[in-house]
Amino acid sequence: MGFLRIRTTVDERPGRLASLAAALAARGGNILGLSVQSDADGTVDEFVADIPAGPEAVREALESAGGRRVQVVEATAHELTDEPTRALLLASRLRTSPWRLPELLGELLRADDARWIYGDAVSDLPDPTQLVVPVAPRRAVRLRRSELAFTLTEAARAASFARLAQPPVEQGNGERTVKVSDGVEVCVRPLTSIYREAVRDLHDRCSPETRRFRYFTSMPALPPRMFDRLCDRSRGHSLVAGHDGRVVAMAHLMFTPDPGIAEMAILVEDRWQGRGLGSALARMLVGAARDLGYAEVKATMLSDNARMRRLLASLGATLCYTEDPGVVEGRLPVGVLTTSA
């Protein structure tokens, strides 16, 4: 005897499910699990059964009982777990580790492969063994399952599950207060276009070296197009830190073409450096990346930027040289850092 996962499409008629159950019973099957799902051209009945008959005999029996597109694959005793309980346990894991969304979606739908994809909005794929679950305007999770096609019900379950990984709706203006090492309080808000002049003044006050560390060139002013791009929430997540009517620091989490990876960069006015503000902003960015479902944050810096290197190392990032000997890259899995700042 062996466990089989059996799926068949049926027409909505009274008694059809009973006919399928009787056909399995006639082959000595004991139904241990049942799921009824909606799909584009009918209802999909899925059974987990302990049955001595082989897959081909089961397929023939169900087709004779009115089943269409019958699929039979091997199952394990592990799949007998109560499905609502299994989904709730996975949801609990997702709430504590939202960056593991692909992995947990794969477990939920028993996919063979689950991974981030990045790009323009993805339309419905013609291949029923692939399912794309949108997460953000230009990010999604792609699931593959070679033996069983995905149903509309499973697509709805996946979309609902992915919403659990989304950050909560921002309340008010998203303002937060940070107390730096000397006790001074700094107000942190999302970057918007109203800060254009304040950001220009920040660049004026920063030394050429500070600007060079941020932009790899002593950029005297931030070009308007770059400022607008940093304000675009579809491209990233940017913050400004203010004190006494001035912007004293900026921090940016930029979405990259690498699925699951975001990049951060920070600019802190010279007289505010070494007071813990950069570290607090970095923790906020990593927290935002985690809530958005990213798995890793990277930062690229000049090799002589000792302050940024120390900051990243203190957060647990791995530092390595790139192909350019003057440039260092830090990589930080978002699960490494507890973002309590």
Quick calc: nm separation of the 7 Å Cα→Cβ label points for V73 and T192 -> 4.8 nm
How large is the helix-only mean residue ellipticity at 222 nm for the chain, computed as the sum of -39500 (n - 2.57) over DSSP H runs with n ≥ 4, divided by its residue count, in deg cm²/dmol to the nearest 500?
-> -9500 deg cm²/dmol
Accessible area of H243, 1.4 Å probe, to the nearest 10 Å²?
-> 60 Å²
If r is the Cβ-Cβ distance from I31 to L89 and R0 is 25 Å, what FRET efficiency results, to the nearest 0.05?
-> 0.60
Distribution of pairwise C-alpha distances over the chain, 20 Å bins, in % | 26, 42, 22, 10, 0
Enter the per residue convex hull volume of segment 274-317, computed from alpha-carbon coordinates, in Å³ rounded to the nearest integer.
-> 65 Å³
Phi to ³J(HN,Hα) by Karplus 6.51 cos²θ - 1.76 cosθ + 1.60 over segment 129-137, Hz, x for Gly, Pro | 8, 10, 9, 9, 10, x, 10, 8, x
Using alpha carbons only, how many degrees (0 to 90, rounded to 10) separate the axis of helix 55-64 from the longest principal axis of the chain?
-> 70 degrees
Tilt relative to the chain, helix 152-163 - C-alpha long axis, 0 to 90 degrees, to 10 = 30 degrees
Note down, for segment 224-341, the three equivalent ellipsoid semi-axes (square root of 5 times each alpha carbon gyration tensor eigenvalue), biggest first, whole angstrom.
-> 20, 18, 15
One would report the antiparallel percent of DSSP beta bridges in segment 236-341, rounded to the nearest 5, as 90 percent
Just from the alpha-carbon atoms, what are the Rg and Dmax of segment 196-272 in angstroms?
-> 12.5, 39
Interchain or sequence-distant (5+) residues whose placed amide H lies within less than 5 Å of the amide H of G2 are I51
Calculate, axis by axis, the spread of Cα positions in segment 10-82 along the three principal axes, and write the results as whole Å, longest axis first.
-> 30, 25, 18
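The values are calculated or read from the model by the stated rules, or taken from the named source; none is laboratory data. In this text the structure is predicted, and so the values were computed from the model without any measurement. Quick reminder, even Gly has a Cβ in these numbers, built from the backbone with ideal geometry, and neighbours come from all protein chains shown. SASA here: full protein model, heavy atoms, side chains in, ligands and nucleic acids out. Shrake-Rupley method; radii C 1.70, N 1.55, O 1.52, S 1.80 Å.
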